[in-house]
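See below for the structure under consideration.
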Amino acid sequence: MEILIGSGFWSQWMGHLADWWGAAWPWIWMSVAWGLLVSAAALGLLGVFVPVIPGAIVFFLGALIHKLMLPDVFAWWGIGAVGVLMIMDRVVDLFATALGSKWFGGTKWGIFGALAGGLIGLFFGIVGILIGPVIGAVVCELIWARRHPKEAAKSGLGAGLGFGLSVVGRMVIYFMMFGALVFDVVLDREEEVGPIIEVSSDPEVEG
């Protein structure tokens, strides 16, 4: 080792390694940032169909981390738009099932039961998420609203339909989140190209 250090080979090798790392680090950093965003987008899409996965929240966090790692790709207004849509996703997820119960003649107890059943169902996986709102609406209609079993079952059916509506709503919001980021990049690109076109079209510059 002393011979290598004395001959200068060690310092030369370390210098090459440092140069390689310095050149590769920006690409590694960029790959990690984009990898996190793509993974977050994939989980966001999966969360549309599996509500136990908070897809919109994961998508927003992925976009935010990407912004912090690569500040020049997305603007803050784009990240803010994704954040607002994330809140909308949560609202749709909580209330679509309750509205479905209401449309099928459910009372306020049925709506409350659908919401409570949906929240409790989160702790029992995908099965609990699917049937939790239905059971919650039926139970509350029977016990507190004292409705006929047939009417209670109808309210529960509405709760199940509301879950389907929530899937559609979350899908729309997901593509809006994705579109907000794409529009951000396109708008930023147009702002960069615009001044170049204006300068090249100046008669004095052409002369």
**Complete:** Picked from the stretch 98-120 (must be aromatic (F, W, Y) and without any contact (Cβ under 8 Å) to a residue 40 or more places away in the chain), the residue surrounded by the fewest Cβ atoms within 10 Å (Cβ to Cβ) is F112
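For V134, are the conditions met, namely being surrounded by fewer than 14 Cβ atoms within 10 Å (Cβ to Cβ) and either in a helix (DSSP H, G or I) or among the small types (G, A, S) (or both)?
Values: surrounded by fewer than 14 Cβ atoms within 10 Å (Cβ to Cβ): no; either in a helix (DSSP H, G or I) or among the small types (G, A, S) (or both): yes.
Spelling it out, it is not the case that V134 is surrounded by fewer than 14 Cβ atoms within 10 Å (Cβ to Cβ) and either in a helix (DSSP H, G or I) or among the small types (G, A, S) (or both).
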**Request:** Provide a single number: the residues in the stretch 65-77 that are crowded, with 18+ Cβ neighbours inside 10 Å and in a helix (DSSP H, G or I).
**Result:** 2
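Within the stretch 137-159, restricting attention to residues that are assigned to a helix (DSSP H, G or I), of a type outside the set (A, V, I, L, M) and over 28 Å from the mean Cα position of the chain (by Cα), which residue is surrounded by the fewest Cβ atoms within 10 Å (Cβ to Cβ)? Give the derivation first.
From the stretch 137-159, those assigned to a helix (DSSP H, G or I) are 137-143, 149-159; that's our starting set.
So of that shortlist, the ones also of a type outside the set (A, V, I, L, M) come out as 140-141, 149-151, 154-156, 158.
Narrowing further to those that are over 28 Å from the mean Cα position of the chain (by Cα): 140-141, 149-151, 154-156.
Numbers: C140: 27, E141: 30, P149: 10, K150: 7, E151: 18, K154: 20, S155: 29, G156: 29.
Going through the qualifying residues, I end up with K150.
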**Asked** What are the residue pairs meeting all of these: first residue in the stretch 159-176, first residue on the phi < 0 side of the Ramachandran plot, second residue of a type in the set (D, E) and assigned to a helix (DSSP H, G or I), Cβ atoms under 6 Å, and 6 or more apart or on different chains?
**Response** S166/D93; R170/D89; I173/D89
**Item:** Number of the condition not met by G106 [criteria: (1) in contact with a Ser or Thr (Cβ under 6 Å, 6 or more places away or on another chain); (2) at pLDDT 85 or above]
**Value:** (2)
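The values are calculated or read from the model by the stated rules, or taken from the named source; none is laboratory data. Just so we're clear, the structure is a prediction, and the values are computed from it rather than from any experiment. Here Cβ is always computed from backbone atoms with ideal geometry, including for glycine, and neighbour counts include all displayed protein chains.
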